[in-house]
Amino acid sequence: MRSQKSPQPESRRRNGPSDMSESWIDAGPVDRILPEDVAPFEHEGRQYALYRTADDRYFATDGLCTHESVELADGFVSGVIIECPMHNGRFDFTTGEAKGAPACINLATYPVKVEAGRLLIKLN
């Protein structure tokens, strides 16, 4: 009887298209964003917004408001809320949840980490 190797579980596979679908992108130095503020970031023609909380935590969301596609980096940050500069729609940038009309569609969020003083964003 020949022994057959059982296939590796999906989580242990090291090659294939799924490995290439996620990558950490360098978004610049951490000091490019002041505490309790937002900064724009563009990658491959797409807009993102980078946030820094008063206690130095970092977050990233899509860069355009889900209501009228206005750049959120021009908005106002208060706590963990970003307010769109056009119609004052509000989002919790830690979760992407829409918190105030006219915004009713949540923002996509992206993991952020800091390495050697640089912001890295994980994009799918």
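Just so it is clear, none of the values below were taken in a lab; they were calculated from the coordinates. Every value quoted in this text rests on a predicted model; they were computed, and no experiment measured them. Cβ sites come from the backbone with ideal geometry, for glycine too, and all protein chains shown count toward neighbours.
Numerical summary
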item	result
For Val70, distant residues with modelled amide H under 5 Å away	Cys65
Extended-chain gain in nm, criterion 0.36 nm per residue less alpha-carbon gap, Ala108 and Trp24	28.6 nm
Gain on full stretching of the segment that runs from Ile81 to Ala116 - 0.36 nm per residue minus C-alpha separation	9.9 nm
Size of charge dipole - the range 22-123 - debye, nearest 20, with Cβ of Lys, Arg +1 and Asp, Glu -1, no other charges	140
Full-stretch length increase - Arg57, Thr95 - with 0.36 nm per residue and alpha-carbon distance subtracted	12.4 nm
